[in-house]
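Just below is one structure, and these are the notes that go with it.
Just so you know, all these numbers are worked out from the coordinates, no wet-lab data involved. In this text the structure is predicted, and so the values were computed from the model without any measurement. Positions of Cβ are backbone-derived with ideal geometry, glycine not excepted, and every protein chain shown enters the neighbour counts.
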Amino acid sequence: MRSPDLGADYVRRAKARLAAVDALFAERSWADVVRESQEVVELALKGLLRIAGIEPPRIHDVSEVLTTEKSRLPVAIQQHVEALAAGSRTLRRDRELAFYGAEDLTPSGFYTRDDATAARDIARKTVAAVQPHVPTEG
């Protein structure tokens, strides 16, 4: 089993990145909001898994592990697992596209304020759901 401190560190870092997401939103950098929101969700959920004694895979979307290991998670968060998993899947789909774009797509021209708002909402809700179940300092 991994140290709970590592899980707590993941969640602390996810919370810190929420401030970065807000700063990017204020700058109207919609693609970057989407990308950073995915990283917030990834860190928060991996922190939750570590606290539960589950080694998260080294992939960006841990939704499958969340649903498979639902019974090992804190009881109070089990009712939120499906929503947390859906958020992780949604943001994972946009991870590379929001950062690199594609030959026929520029991230800054593709992502909109609505996309950024939805991504930021997923990130905020994920941290809010996970935080009470992860012992953090400060």
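Taking the fewest neighbouring Cβ atoms within 10 Å as the starting point, the ordered list for S63, S37 is S63, S37. Between T67 and T112, the FRET efficiency from the beta-carbon distance, with R0 = 30 Å, is close to 0.50. Cross-link partners for K15 among the aspartates and glutamates, with Cα-Cα distance under 19 Å and sequence neighbours closer than 8 places in the same chain left out: D5, D32, E36, E39, E42, D61, D121, E137.
The simple spin-label model puts a point 7 Å past each Cα toward its Cβ; for Q78 and E55 those points are separated by 2.5 nm. For the range 39-78, trypsin sites (Lys or Arg not before Pro) are listed when DSSP marks them as loop and at most 10 other Cβ atoms sit within 10 Å of their Cβ; the list is R58. Excluding the sites themselves, what is the longest stretch of the chain that contains no GluC sites (Glu not before Pro) in a DSSP loop with at most 13 other C-beta atoms within 10 Å? Answer from the scan: 28-102. Using Cβ point charges alone (K and R +1, D and E -1), the dipole size of the range 4-133 about the Cα centre works out to roughly 440 debye.
As I understand it, the value is the acute angle between the Cα axis of helix 30-51 and the longest principal axis of the Cα atoms of the chain; what does it come to in degrees, rounded to 10? Orientation of helix 30-51: about 10 degrees from the principal axis.
If you take the beta carbon distance between Y100 and D121 as r and set R0 to 41 Å, what does 1/(1 + (r/R0)^6) give as a FRET efficiency, to the nearest 0.05? Write out the running numbers ahead of the final one.
Values: r = 24 Å, r/R0 = 0.58.
Here the calculated transfer efficiency is 0.95.
Considering only L97, Y10, A31, and ranking their Cα positions along the charge dipole of the chain that arises from unit charges at the beta-carbon of Lys, Arg, Asp and Glu, the one farthest toward the positive end is Y10. What is the calculated FRET efficiency for R28 to A128, with r their C-beta to C-beta distance and R₀ = 25 Å, to the nearest 0.05? Approximately 0.55, to the nearest 0.05.
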